[in-house]
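The values are calculated or read from the model by the stated rules, or taken from the named source; none is laboratory data. Keep in mind the model is a prediction, meaning the values are calculated, not measured. For neighbour counting, all protein chains shown are included, and Cβ atoms are generated from backbone atoms with ideal geometry for every residue, glycine included. Surface accessibility is based on the protein's heavy atoms, side chains included, excluding ligands, DNA and RNA. Shrake-Rupley method; radii C 1.70, N 1.55, O 1.52, S 1.80 Å.
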Amino acid sequence: MYSFDMVRPTSVADAVSALGQEEAQALSGGQTLIPTLKQRLASPSVLVSLTGIAEMQGVCREDSGDLAIGGGTTHATVAAEAASIYPALAKLAGGIGDPAVRNRGTIGGSLANNDPSACYPAAALGSGATIVTNTREIAADDYFQGMFTTALEEGEIITSVRFPVPEAAGYAKFEQPASRFALTAVYVAKYADGVRVAVTGASENGVFRWTEAEAALSSNFSPDAVAGLSLSGDDMISDLHGTGAYRAHLVGVMTKRAVAAAG
Amino acid sequence: MAEVTMKVNGKAVTKSVKGNTLMTDFLRDELRLTGTHVGCDTSQCGACNIHVNGSLVKACTMFAAEADGAEVSTIEGQSAADGTLNVIQQAFQDHHGLQCGFCTPGMVMAAASLLKENPKPSEAEVRDYLEGNICRCTGYHNIVKAILAASGQDVSAIAAE
Ligand SMILES: Cc1cc2nc3c(=O)[nH]c(=O)nc-3n(C[C@H](O)[C@H](O)[C@H](O)COP(=O)(O)OP(=O)(O)OC[C@H]3O[C@@H](n4cnc5c(N)ncnc54)[C@H](O)[C@@H]3O)c2cc1C
Ligand code: FES
Ligand code: FES
């Protein structure tokens, strides 16, 4: 690792001003950033740790009925505390990586990183969530802009994420057996005004909505509704774990399983 | 450099650390607690598992400066002061849950945190919890058996596979 200093602010305001320094970078759970630093793929001069900021922690149900999760909340906390409010989301959080990763990794870090195989981007896009930062609110539909690319500006911090709670939802993940990331995974959520379907791990452009499946499921919320639908594998990730065509096929299978899980 | 103070296995320590000092390096090189092993250094193997404020974390993927003010426990804190093994360590010995022993500190720390959350896990739950722990020797069966035994469950019917 290159050398850097570490600061641990206790408020969002202090973190924002620390991030104003040259070459400063936010550090949350470090489960992605620390390996990146070890590979010398990042060379910040200051790391601004967000884990000591109380106002970015926790899970709560707002008066509107939405579920709000602080940007610094760990996967383990979401798995435990969101279970009674939004079970599909809690289950997704409880299936990320392994217990030690879940005790450190955070929702804000996952959404800021926007790994094309990560789980939370599918939940945020599939739920039509709102990404709340220190300066603004960003709709999930505008937030994800291709793999490892988001609408965040330099130094902008995800302070919380707001999820409208659906009538039913399910997440089906085909695990890459070594890393436990999604080889391909699908998040399905049914709201009064229609169904949303978000796919991760498949496209070269990162998480995306499968609109044909949304239309089919909005008129008939059952696994059979998507039986005749298919996607092309041309723009899908092809690597040693699976070809684009294989991933395209998995999208259909995982969508059915996600609907079945939603019940 | 910044000064950090934490409790490690019940003992207060204060040291100066660099921003990029990993918890593994702090424990092994500064405190000479070499029971926390570094297998992969890439968050995959769990040999470096420790507890920070009671939760399981990979010490290779956390900075020492982040543990300022924390309660840390490592494998060295698991046995009694006179060296008597705790129930999990004893079960690993009784059920041949280790061969070379390299993965064992991380396995024991993971098992301790599992049994705290779930005192009577099923075999499937044990295997699921150990997702982040890699063992290159045992084939896992005796590790799982040892953890089930440590939880007080009868493992006499489980064959040594
Ligand atoms: C073994 C292993 C298995 C994993 N398996 C999975 C899996 O199955 N599914 C999955 O989805 N993920 C998986 N992950 C990734 C894990 O979920 C990470 O925790 C997550 O992607 C990053 O979160 P973090 O809090 O650790 O962020 P960090 O690593 O601290 O930061 C990541 C990036 O986000 C930025 N950042 C962090 N927080 C904020 C914020 N609040 N606002 C703005 N920017 C911020 C940082 O500057 C950095 O660029 C795995 C990781 C490991 C090591
Ligand atoms: S050394 Fe930390 S997980 Fe392998
Ligand atoms: S006993 Fe040798 S690695 Fe597990």
Quick one: grab Rg to one decimal and Dmax as a whole number for the range A:42-179, Cα atoms only, in Å.
14.2, 46
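Taking every residue in B:130-137, how many Cβ atoms of other protein chains lie within 10 Å of its Cβ, on average?
Rounded to a whole number, the mean comes out at 3.
Taking a ≥ b ≥ c as the square roots of the eigenvalues of the Cα gyration tensor of the range A:84-127, is the shape rounded (a/c under 1.5), prolate (a/b larger than b/c) or oblate? Spell out each step's value before the answer.
On the way: a/c = 1.79, a/b = 1.03, b/c = 1.73.
It is oblate, given that a/c is not under 1.5 and a/b is not larger than b/c.
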Hydrophobic long helices for chain A, i.e. whole DSSP H runs reaching 24 angstrom or more by Cα along the axis with Kyte-Doolittle mean at least 0.5, come out as A:244-262
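Just to verify a number: FRET efficiency for A:SER17 and B:GLU123, C-beta to C-beta distance, R0 = 56 Å, to 0.05?
Numbers: r = 51 Å, r/R0 = 0.92.
Using R0 = 56 Å, I get an efficiency of 0.65.
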Any chance you could check the range A:30-50 for residues losing 10 Å² or more of accessible area when the partner protein chains are in, compared with the chain on its own (1.4 Å probe)?
A:GLN31, A:ILE34, A:PRO35, A:LYS38
Surface share of carbon and sulfur [accessible, 1.4 angstrom probe, percent] for the range B:98-161
53
Kindly write out, for the range B:96-105 in residue order, the coupling ³J(HN,Hα) from the Karplus curve 6.51 cos²θ - 1.76 cosθ + 1.60 (θ = phi - 60°), rounded to whole Hz, with x marking Gly and Pro.
6, x, 8, 10, 6, x, 5, 7, 4, x
Per-residue HN-Hα couplings for the range A:173-184 [Karplus 6.51, -1.76, 1.60; θ = phi - 60°; Hz; x = Gly/Pro]
10, 8, 6, 6, x, 7, 8, 6, 5, 7, 5, 7
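Only helical DSSP H runs with n ≥ 4 go in: add -39500 (n - 2.57) per run for chain A, normalise by residue count and round the 222 nm mean residue ellipticity to 500 deg cm²/dmol. Present the calculation step by step, with values, prior to reporting the outcome.
Values: 10 runs with 80 residues, N = 263.
Counting only the DSSP helices, I get -8000 deg cm²/dmol.
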Output ³J(HN,Hα) for the range A:108-118: one whole-Hz value per residue in order, computed from phi by the Karplus curve 6.51 cos²θ - 1.76 cosθ + 1.60 with θ = phi - 60°, and x for Gly and Pro.
x, x, 5, 6, 5, 6, 6, 4, x, 10, 7
Using 25 Å as the Cα-Cα cut-off, could you pick out the over-long pairs in B:LYS116/B:LYS145; B:LYS11/B:LYS58; A:LYS91/B:LYS116; A:LYS38/B:LYS58; A:LYS256/B:LYS58; A:LYS190/A:LYS256?
A:LYS256/B:LYS58
What is the Cα coordinate range of the range B:1-103 on the first, second and third principal axes, sorted by size from largest, in whole angstrom?
45, 30, 22
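Per residue, how many Å² of accessible area does the range B:2-77 show with a 1.4 Å probe? Let's see the in-between values first.
Numbers: 2870 Å² over 76 residues.
That works out to 38 Å² for each residue.
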Rg and Dmax of the protein assembly as shown, Cα atoms only, in Å:
22.2, 69
Three-way shape label, the range A:104-263, alpha-carbon gyration tensor, a/c 1.5:
oblate
In the range A:73-103, which residues become less accessible by 50 Å² or more once every protein chain is in place, relative to the chain on its own, using a 1.4 Å probe?
A:ASP98, A:PRO99, A:ALA100, A:ASN103
Straight-line reach from B:LYS15: which lysines have a Cα under 17 Å away, not including same-chain ones fewer than 8 places off?
B:LYS7
Running Debye on the range A:5-49 with equal point scatterers at the Cα sites and no solvent, what base-10 log of I(q)/I(0) appears at q = 0.18, 0.21, 0.33 Å⁻¹?
-0.49, -0.65, -1.21
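Computed FRET efficiency, Cβ-Cβ of A:ASN205 and B:GLN90, R0 60 Å: what is it to the nearest 0.05?
Details: r = 53 Å, r/R0 = 0.89.
Working from the Cβ atoms, E equals 0.65.
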If amide hydrogens are placed 1.01 Å from N in the peptide plane, which non-local residues have theirs closer than 5 Å to the one on A:VAL195?
A:SER218
